Amino acid sequence: MDDLKLAVLIDADNISPKYVKVILDEAASFGVAAAKRIYGDWSDPRLKSWKDALLNNSIIPMQQYSYTTGKNATDSAMIIDAMDLLYSGNLDGFCIVSSDSDFTRLAARLREAGKLVIGMGESKTLGPFVKACDQFKYLDLILGHQEEEEAAPTATDEAEAAALAQAGDDTAINRDSVAKLVRGMIDEMDDGTGWVRTSRVGDQLIKRYPDFDVRNFGSKSLNKFLVSFPEMEVEERILANGNPIQFVRMRPVPRPASKSGKKLPAHKTPATHNAKKRSVRKK
């Protein structure tokens, strides 16, 4: 399958150059950045810090003069270019990098045209723009976790709590809302064994919360995030072809003892044909 061709459009007025590596790394996880453009008034000394980042990462600066104080001409130029790129028909998706909710309608329009829309911005980004995207990445939280990992091998509970406290506005998610949603998914998608593929859970979480990212909660993978909930357990099964596949379920409630004093047998998961099981432990 060919990689998706993406346009990365950056609002220099709202995004710091310290995020450039995070932006490009996140875009690369979805496809190839076929177009990389950044918009601003480059005669403004405040944008001088972007110079090295543009040269080193082959990002094309798009000049837009600020004709009137208080009016954001950069947003208009970025929106016009996005629509031109849309009608060129050569792209599969767009990465809109800004914390400005003025791009909400643009994101919605691009999705109406069947394009993948990845939003990126700081955790101060308002909910309407976040929800208008297929997925949204909080740059400050991702960068913060990367810096913590470089400074210390393991993230602390205090760091995770601080990240959660900064995670957006009233539309942002938290651990309790995720746990409640996952419980509902397991009940709904359960095939009778109690187990559900973690990949299906992850897909549904992103559809429900475009800004969902396990790194916002201090975890490196979805499996480790799910197993951090005491009421959930994750199991990895190795298929006959050697490929691993992960499942999650709610931990069974211990059954009461029978009148004879013997415990009733716990519910057993039917054996999977030609598959070995391996538990995923919380680290």
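The values are calculated or read from the model by the stated rules, or taken from the named source; none is laboratory data. Owing to the predicted nature of the structure, the values given are computational and were not obtained by experimental measurement. Reconstructed Cβ throughout: ideal geometry from the backbone, glycine too, with neighbour counts over all protein chains shown.
Quick notes
- Residue pairs whose Cβ atoms lie under 9 Å apart, sitting 6 or more positions apart in sequence or on different chains, and linking a residue in segment 117-140 that is among the polar types (S, T, N, Q) to a partner that is in a strand (DSSP E or B) and crowded, with 22+ Cβ neighbours inside 10 Å, are S123/Y138; T125/G119; T125/F136; T125/Y138; Q135/V117; Q135/I118; Q135/G119.
- If you go through segment 7-60 and keep only what is within 21 Å of N216 (Cβ to Cβ) and aromatic (F, W, Y), you end up with Y19, F30.
- Top-ranked residue in segment 33-89 [being surrounded by fewer than 11 Cβ atoms within 10 Å (Cβ to Cβ) and in a loop (DSSP other than H, G, I, E, B); ranked as modelled with the highest pLDDT]: S58
- Only a single item in (1) among the basic types (K, R); (2) loosely packed, with under 12 Cβ neighbours inside 10 Å; (3) touching a helix residue (DSSP H, G or I) at 6+ places or on another chain (Cβ under 8 Å) is not met by R175, and it is number (2).
- Within segment 213-222, the set of residues being hydrophobic (A, V, I, L, M, F, W, C) and either assigned by TED's automatic domain parsing to the domain that holds G121 or surrounded by fewer than 21 Cβ atoms within 10 Å (Cβ to Cβ) (or both) comprises V214, L222.
- Segment 13-54: number of residues that are farther than 25 Å from N90 by Cβ and of a type in the set (A, V, I, L, M): 3
- Which numbered condition D75 fails, given (1) without any contact (Cβ under 8 Å) to a residue 60 or more places away in the chain; (2) acidic (D, E); (3) in contact with an Asp or Glu (Cβ under 7 Å, 6 or more places away or on another chain): (1)
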